[in-house]
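*Asks:* A single structure is presented below for examination.
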Amino acid sequence: MKRISGNPRPDWRQEVEKVGFSYHTIDGDLYWDESGWFEFNYDQIRVIEQATNVLHAMCIEAAEYVIEEDRLSDFGIPSQFHYWIRESWQADQPTIFGRFDLAWDGNGPPKMLEYNADTPTSLFEAAVVQWHWLESMQSKGSSIATFDQFNSLHEQLIESWRYLRQQGWNRVHFAATDGHEEDYGNVTYMRDTAAQAGIETHFLNMSQIGYDTDRKTFVDDRFEPIEYLFKLYPWEWMLQESFARHLLSSRTVWIEPPWKMLLSNKTILAILWELFPENKYLLEASFEPLAGDFVRKPILAREGSNIEIVTQEQHAQMATEGPYYNQPCIYQAYHPLYRSETGYAVLGSWIIGDRACGMGIREDIQAITHNTSRFLPHCIRR
């Protein structure tokens, strides 16, 4: 694994906007970064793929354990929703995707930092934008003209939607946070893959969703029932909404399903260590501070907020601000990220259905990745 420096395409803005990528720049700073790329060989990709598949299987086993042992309170989930989550699990409600954040420098086993299992973003740039970049570079006679990419995300998404269509999902609503450009871009891409699978789609802002008490279902902006809904809106936020009580009686089926809120909660890191201590892909995690270097993480923090790195030997620590300071926390053993002259990198390895099939890489000058950390493409040397 190497970070290679290069020159951005002269017309890169037009090129990425041509494929619908409008949020390449955030608050005046680059989000999509073509100043370089990450290079792997096939053996390294197989390591990432195997680690991701194993971690996903372990997480599914951990979710079953949490439900069977009635550990939902450890996740801060209000008790009135426990039975509903169990029903979602027992009904085997389907899942589409998730993204593991991994620490890895190309040597030894990758280490799981967390699982973005409910509302993972950066999907469009991982599935489409970086693939378009590679094809564009190859067409221009670049030095990576013969290179490949770990990326079958688009095909696997269509296949997952096609399977759901065969199960009767003929029409699916898609919803995102009002006015959030990145979320809208990701949801629009998901709509496109569903449409390519033959599913009729309809977009909503979250604020446009209503509830029909007679029909016991959520309804859209045309007062039509929402039978199936893909939402890029966190479950923990939904449980705090005034309409949350209707979740318990509604016939609406959700993507991601309620049981996925267990895997998107950082409590799962401590549960995984209980079940699989010393597993090579895991970092020690606990509900209590650890003896060595550790990272303190609120269980429901997002975008790198309120994370604290405590390094005992150097008597140094790093912390980020945010709105999650009063949450319960878990403590995870510190593991260094890949570091180059330009910053620290986190690998985002994607699961579609139950299969690892793609990767995106975020880089930042700090050791804590946040919402404006840069996205860089990757490629595989054949």
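Just so you know, all these numbers are worked out from the coordinates, no wet-lab data involved. Keep in mind the model is a prediction, meaning the values are calculated, not measured. Note: ideal-geometry Cβ built from the backbone for every residue, glycine included; neighbour counts use all protein chains shown.
*Asks:* Can you give the helix-only mean residue ellipticity at 222 nm for the chain, where every DSSP H stretch with n ≥ 4 adds -39500 (n - 2.57) and the sum goes over all residues, rounded to the nearest 500 deg cm²/dmol? Don't skip to the end; give the middle numbers.
*Replies:* On the way: 8 runs with 96 residues, N = 382.
The helix-only estimate for the chain comes to -8000 deg cm²/dmol at 222 nm.
*Asks:* Test of the criteria: in segment 193-267, which trypsin sites (Lys or Arg not before Pro) are in a DSSP loop and have at most 15 other Cβ atoms within 10 angstrom of their Cβ?
*Replies:* Working: sites: 215, 216, 222, 231, 245, 251, 260, 266; in loops: 215, 216, 222, 251, 266.
Those satisfying the criteria are 215, 216, 222, 251.
*Asks:* Given springs between every Cα pair under 10 Å in a Gaussian network model of the chain, which of 196, 312, 130 has the largest fluctuation?
*Replies:* 312
*Asks:* About its Cα centre, what dipole magnitude does the chain give when the only charges are +1 on Lys and Arg Cβ and -1 on Asp and Glu Cβ, stated in debye to the nearest 20? Present the calculation step by step, with values, prior to reporting the outcome.
*Replies:* Working: 33 positive and 55 negative charges, 127 e Å.
Using Cβ point charges on Lys, Arg, Asp and Glu, the chain gives about 620 debye.
*Asks:* Counting other C-beta atoms within 10 Å, which of 111, 140 has the fewest, and how do the rest follow?
*Replies:* Values: 111 20, 140 9.
If I rank by nearby Cβ atoms, fewest first, I get 140, 111.
*Asks:* In nm, what is the difference between 0.36 nm times the number of residues separating residue 42 and residue 170 and their Cα-Cα distance? Let's see the in-between values first.
*Replies:* Working: separation 128, 0.36 × 128 = 46.08 nm, distance 3.82 nm.
Full extension of this stretch gives 42.3 nm more.
*Asks:* Counting only DSSP beta bridges with both residues in segment 152-255, tell me the antiparallel percent, nearest 5.
*Replies:* Numbers: 4 of 17 bridges.
Approximately 25 percent, going by the DSSP bridge assignments.
*Asks:* A further question on this structure: Considering only C-alpha atoms, what is the centroid distance from segment 210-267 to segment 1-51, in Å?
*Replies:* So the two Cα centres are separated by 34 Å.
*Asks:* Next question. Listed highest first by mean packing, meaning other Cβ atoms within 10 Å per residue, what order do 285-292, 343-350 come in?
*Replies:* Per-residue Cβ counts within 10 Å, averaged per peptide and sorted highest first, yield 343-350, 285-292.
*Asks:* Taking neighbour counts of Cβ atoms within 10 Å as a proxy for exposure, in what order, fewest first, do 243, 218 appear?
*Replies:* Lowest to highest Cβ neighbour count: 243, 218.
*Asks:* Relative contact order for segment 152-255: what is it in percent, counting Cα pairs under 8 Å that are at least 6 residues apart?
*Replies:* Numbers: 152 pairs, mean separation 29.5, N = 104.
After rounding, I find 28 percent.
*Asks:* A further question on this structure: Relative contact order for the chain: what is it in percent, counting Cα pairs under 8 Å that are at least 6 residues apart?
*Replies:* Details: 716 pairs, mean separation 92.5, N = 382.
24 percent.
*Asks:* Whole number please: convex hull volume per residue, Cα atoms of segment 267-333, in Å³.
*Replies:* 91
*Asks:* A 22 angstrom limit on the alpha carbon distance is what I want to check against. Which of 2/266; 216/266; 2/297; 111/297; 2/111 exceed it?
*Replies:* 2/266; 216/266; 2/297
*Asks:* So, with +1 on the Cβ of K and R and -1 on the Cβ of D and E, and no other charges, what is the size of the charge dipole of segment 9-79 about its Cα centre, to the nearest 20 debye? Please report the intermediate quantities before stating the final value.
*Replies:* Values: 5 positive and 16 negative charges, 54 e Å.
Dipole size: approximately 260 debye.
*Asks:* Looking at the chain, send over the antiparallel percent of its DSSP beta bridges, to the nearest 5.
*Replies:* 75
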